[in-house]
Amino acid sequence: MQAYNYKVLIQGQLSTNKYRYPNEKKEIICSTTLIEGNGIRIIVDPGWRDEPLLEQLKQENLTTDQIDILYLTHMHADHIRSSRLFPNARLLAPAKELENWKHKISEADRDILERAEPVQGQIYEDIAIIETPGHTMGHTSVLFQSDGRRILVAADAVLCIEYYEHREVHVISEDMELAKQTIDRIKTLADFIIPGHDAPFEAF
């Protein structure tokens, strides 16, 4: 089993967190994760905030041309739009998700959908694509090993630690009951979780 290093470049946040700030409206930000090792650099969910992402890459002494692969866990705009910063990277997305969004993607984002290559199974050696449906029906998460621990980039299958704890899912989920079942399954998969819109946390 290959091991990888990783860093959360952008820590996500929900616009409203019913447990932490129920009466506030914040900018919606998705978590963006860099995975490195075995001759490859991968970004999972580049998000839609170009300047902060470019600044974080600069802090890592990286340019956009040094990213080999972008992986999109699902096709919501807040997870995908900064893909355009990386014209030379391979853009990968779940085959099922791409098929599901062919006729409902906004015209503003159709270029991203059409550029994306459909994949399933794994992104790269020992970086597994895990089907985590419910938020969208083709939603996926990314599972890999780092320092002997199972790391799951959960994306919107787990929004934040409180929603994980309370088995809560996003109100716009395509199948809310399935999304709750996905949270139950995730609890068996990982030692450490990088949620879609919050700080990473130890699985429990």
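The values are calculated or read from the model by the stated rules, or taken from the named source; none is laboratory data. These numbers were taken from a predicted model, which means no experiment stands behind them. No Cβ is skipped: glycine too gets one built from the backbone with ideal geometry, and neighbour counts run over all protein chains shown.
Tabulated data for the structure shown
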read-out	value
Residue in segment 55-66 that is surrounded by the most Cβ atoms within 10 Å (Cβ to Cβ), counting only those that are assigned to a helix (DSSP H, G or I) and of a type outside the set (Ser, Thr, Tyr)	LEU57
Considering residues of segment 18-32 that are loosely packed, with under 13 Cβ neighbours inside 10 Å and basic (Lys, Arg) only, the residue nearest to ASN5 (Cα to Cα)	LYS26
Whichever residue in segment 1-44 is in a loop (DSSP other than H, G, I, E, B) and of a type in the set (Phe, Trp, Tyr) and, among such residues, is modelled with the lowest pLDDT	TYR19
Residue list for segment 171-186, filter: of a type outside the set (Gly, Ala, Ser), at pLDDT 95 or above and not in a helix (DSSP H, G or I)	GLU174, ASP175
Hey, THR64 of a type in the set (Ser, Thr, Tyr), modelled with pLDDT of 95 or more and in contact with a Phe, Trp or Tyr (Cβ under 6 Å, 6 or more places away or on another chain) or not	yes
Complete set of residues in segment 33-52 that are surrounded by 21 or more Cβ atoms within 10 Å (Cβ to Cβ) and either farther than 27 Å from ILE129 by Cα or touching a residue at least 40 places away in the same chain (Cβ under 8 Å) (or both)	THR33, ILE35, ILE42, ILE43, VAL44, ASP45, PRO46
Test: ARG185 is closer than 17 Å to GLU36 by Cα and without any contact (Cβ under 8 Å) to a residue 60 or more places away in the chain	no
Looking only at segment 77-119, and only at residues there that are over 18 Å from the mean Cα position of the chain (by Cα) and among the polar types (S, T, N, Q), the one that is farthest from LEU53 (Cα to Cα)	SER106
Selected residue [surrounded by fewer than 20 Cβ atoms within 10 Å (Cβ to Cβ), without any contact (Cβ under 8 Å) to a residue 60 or more places away in the chain and on the phi > 0 side of the Ramachandran plot] from ARG110, ARG149, ARG167	ARG167
